[in-house]
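Down below is the structure, laid out as structure tokens.
The values are calculated or read from the model by the stated rules, or taken from the named source; none is laboratory data. Nothing here was measured: the structure is a model prediction, and the numbers come from that model. No Cβ is skipped: glycine too gets one built from the backbone with ideal geometry, and neighbour counts run over all protein chains shown.
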Amino acid sequence: MAAISDSDDDIPPYSDLSSVSSDSSDRIRGNVFQKALYRVDRARGKTEDFLNDIHESYSFDLDPEYRLKLQKRFDGWGVGAKFDFKSGDCRVKVKSAPRRGGEDGFRFWRWFKKVEVQPEDGDVEVFTKKLQFGYLSLQGIGGYKSATNGFNARWKIETTFWESSPAMMALRRSEVALDPDERIKMALRWDLDVKPPKAEGGIGDGNDGGYDLDLGTYHVAIPRLELKVDLTSKDRL
């Protein structure tokens, strides 16, 4: 009987077996929970990367310069002023304008387009008329700087592709008349850069069955908002 008693003492009680089973279940649940957290963290990282790509590819710059433009036309010439509220810059321009009856204007305006004066600094610039070469234009500019009491000359080459296409210009600016005589106008200028999204993928030789997604780009900027006021008398419009 004593031998049987010793054999019974070697068998773990039922409560100990239950504790071992409970510890094993806790470890399994812990592993599953860790895997779930890992998958959630990976999904969150991919989502953040995707949203960052969208943020970089699609942007809107809505911080325009606000300008006031005044102009008055005379017979054969006109004068205008431009004031930038953000920078405080003010410029006065004298430029050629059509004469009554189609007569030739002053000889000076046959070669020059405008004279621009910056009253605050006392600087003066004279712009020649542009020479066209296909989609390119060449313009000469001569200037006088009051601060250095010196003269300078420079040239400028620009593309006229936008100006030669009315459809392209319509994508960059718009004007709205605020009065029946169209002497007060609100002008909005914007720049648009669009590249449509696309996706590529494939299967078979040389393809792993994956795909490549390009979100494209859509950048909109509004650099300038202007109020234009024409002070020309009605008989000269």
Would you check if Phe108 is of a type outside the set (Asp, Glu) and either within 32 Å of the chain's Cα centre (by Cα) or outside the structural domain of Glu182 (by TED's automatic domain parsing) (or both)?
no
Hits in region 107-120 - residues which are under 12 Å from Asp89 (Cβ atoms) and either modelled with pLDDT under 85 or surrounded by 15 or more Cβ atoms within 10 Å (Cβ to Cβ) (or both):
Glu116, Gln118, Glu120
Can you tell me which residues in region 122-150 are of a type outside the set (Gly, Ala, Ser), exposed (fewer than 15 other Cβ atoms within 10 Å of the Cβ), in a loop (DSSP other than H, G, I, E, B) and modelled with pLDDT of 85 or more?
Thr148, Asn149
Within region 151-169, restricting to residues that are modelled with pLDDT under 90 and among the hydrophobic types (A, V, I, L, M, F, W, C), the one that is surrounded by the fewest Cβ atoms within 10 Å (Cβ to Cβ) is Ala167
Of Tyr58, Tyr38, Tyr66, the only residue that is more than 30 Å from Trp109 (Cβ to Cβ), modelled with pLDDT of 90 or more and surrounded by 10 or more Cβ atoms within 10 Å (Cβ to Cβ) is Tyr66
Enumeration of residues in region 88-106 that are at pLDDT below 85 and not in a strand (DSSP E or B)
Ala97, Pro98, Arg99, Arg100, Gly101, Gly102, Glu103, Asp104, Gly105, Phe106
